[in-house]
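Shown next, in structure tokens, is the structure this report addresses.
The values are calculated or read from the model by the stated rules, or taken from the named source; none is laboratory data. Just so you know, these numbers come straight off a predicted model, no measurement behind them. Here the Cβ positions follow ideal geometry from the backbone for every residue, glycine too, while neighbour counts run over all protein chains shown. What goes into the accessible areas is simple: the full protein's heavy atoms, side chains included, and nothing from ligands, DNA or RNA. Shrake-Rupley method; radii C 1.70, N 1.55, O 1.52, S 1.80 Å.
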Amino acid sequence: MPVRVAQHRPAGARIHIFGYASDLERVDILYTSLLLQMAHGLTTTVVPVGVRSPRAWRRSWLLGFVTAVITRVRSAETARRDGGRETHSGPSTALVLADRAIVIRRQLEQAYPVTRRTRVTYSGRGYNDGYAQGQRADIGNRRVDRRSRSAAPEGARRITRV
């Protein structure tokens, strides 16, 4: 799922997601589902007694959840891409995805010529609990694998989430 994200400062104020329409629809559905699962998981998890900063614990829990989900989604996408390469004749799926990724990267660079990468840090001890919850999150594996790969590219576009 080749999509790229640009985030405006202050942190979390607004993000722009660049990608093809079919990929953006998948991202939107996955985002909404995971946001609900993450919120439910965090509100039902009790901050351990003796934690000096419940806020830091919750932030590290969120980072653990997100890290687990990202790892699982990337793994599922890689498995899907590699599986598709073995069962189809003709151009490889990886080549099509690489071409789409180039189009998307160029659109992002055109919209935002100056960008920088950020690194997330945390100070709480809730990371492992959040990671474990993220490992159990429903990322739609079965629905992703059943998805049709024959849809023609609609052209890259951008959506804004505020």
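Checked against (1) at pLDDT 95 or above; (2) not in a helix (DSSP H, G or I), ALA68 passes all but a single condition, namely (2). Among the conditions (1) open to solvent by 70 Å² or more (accessible area, probe 1.4 Å); (2) farther than 22 Å from LEU34 by Cα; (3) at pLDDT below 50, VAL162 misses just one, which is (2).
The one condition from (1) modelled with pLDDT of 85 or more; (2) open to solvent by less than 60 Å² (accessible area, probe 1.4 Å) that VAL114 does not meet is (2).
Out of the stretch 6-50, which residues are open to solvent by 70 Å² or more (accessible area, probe 1.4 Å), part of a loop (DSSP other than H, G, I, E, B) and over 25 Å from ARG136 (Cα atoms)?
Applying the first criterion (open to solvent by 70 Å² or more (accessible area, probe 1.4 Å)) to the stretch 6-50 yields 7, 9-11, 14, 25, 29, 31, 35-36, 40, 43-44, 46, 49-50.
This time we only want the ones that are part of a loop (DSSP other than H, G, I, E, B), so: 9-11, 46, 49-50.
Passing the criteria: ARG9, PRO10, ALA11, GLY50.
Among the conditions (1) modelled with pLDDT of 75 or more; (2) exposed (fewer than 11 other Cβ atoms within 10 Å of the Cβ), the only one that SER150 does not satisfy is (1).
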